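What follows is a set of notes on a single structure, which appears directly below.
The values are calculated or read from the model by the stated rules, or taken from the named source; none is laboratory data. Everything quoted here is computed from the prediction, not taken from an experiment. Here the Cβ is made from the backbone with ideal geometry for all residues, glycine too, and neighbour counts use every protein chain on show.
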Amino acid sequence: MTAPSVQELRRAWSGDSATAPGQGVTGGRITELVATISAGRVDDATRTIRDVAVLGRVSANRRRYSDQALQDAVRLLDGAKVYLNHADNLGRRDVRDYAGRLSGLYLDGDKVRAREFHVVNEAHWPLLRTVETDPAAFGMSIDADGDTRPGGNGLTEVTRLTSVNSVDVVSAPAANRTMFESADTGEGPSFAELEAAWRA
């Protein structure tokens, strides 16, 4: 099944959460690749990527984030740890996968951005900084808990976010629809594989 474009999703369902169709709010895990690392500036001196896109209003995974959910993201993602790749099936992390933190979250229209993604792990900087010339190479994957409900036209509305488990940098190869949205499902080369290839 081909993922719909962002424009198709926006046409399918516009409006705020108060008028969205569907009932039956349920809580649960929300894991989604929602944005490529579209950045304004890369600062080598401080290993910082500025104005990073973290979350969009509508995803190609057929989710629409309400105003409340976007505001929750601004609050919950400020100071969030960023890792390379997802945790394993048991939720375990290798300390070497820790990349850095997001700070200065803000709403930019229908997108949530971080003023700074500070890369603490110097070993990961040479590859991460390539977003300056190839912003669609990697994506931010949000792993959060929140409430959802059925929406119109087959969309699921995320009505609010209650906690953030992690923000993961994953590869987002050819599936990007725009600089800010991706239909990538996590398949394809891992970040570790990309890093190994870059270092070879």
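Looking at region 39-48, can you tell me whether even one residue there is assigned to a strand (DSSP E or B), among the aliphatic types (A, V, I, L, M) and at pLDDT 80 or above? Walk me through it before giving the result.
Taking region 39-48 first, the residues assigned to a strand (DSSP E or B) are 41-43, 48.
Cutting the leftovers down to among the aliphatic types (A, V, I, L, M) gives us 42.
Narrowing the set further to residues that are at pLDDT 80 or above leaves 42.
Among the residues of region 39-48, at least one is assigned to a strand (DSSP E or B), among the aliphatic types (A, V, I, L, M) and at pLDDT 80 or above, which makes the answer yes.
If we scan region 65-81, do we find a residue that is part of a strand (DSSP E or B) and small (Gly, Ala, Ser)? Don't jump to the end; show me each part of the working.
Restricting attention to region 65-81, the residues satisfying the condition of being part of a strand (DSSP E or B) are 65, 81.
Imposing the further condition that a residue be small (Gly, Ala, Ser) reduces the set to none.
For region 65-81, residues part of a strand (DSSP E or B) and small (Gly, Ala, Ser): absent.
Has region 170-190 got any residue that is touching a strand residue (DSSP E or B) at 6+ places or on another chain (Cβ under 7 Å), surrounded by 21 or more Cβ atoms within 10 Å (Cβ to Cβ), closer than 20 Å to VAL82 by Cβ and at pLDDT 80 or above?
yes
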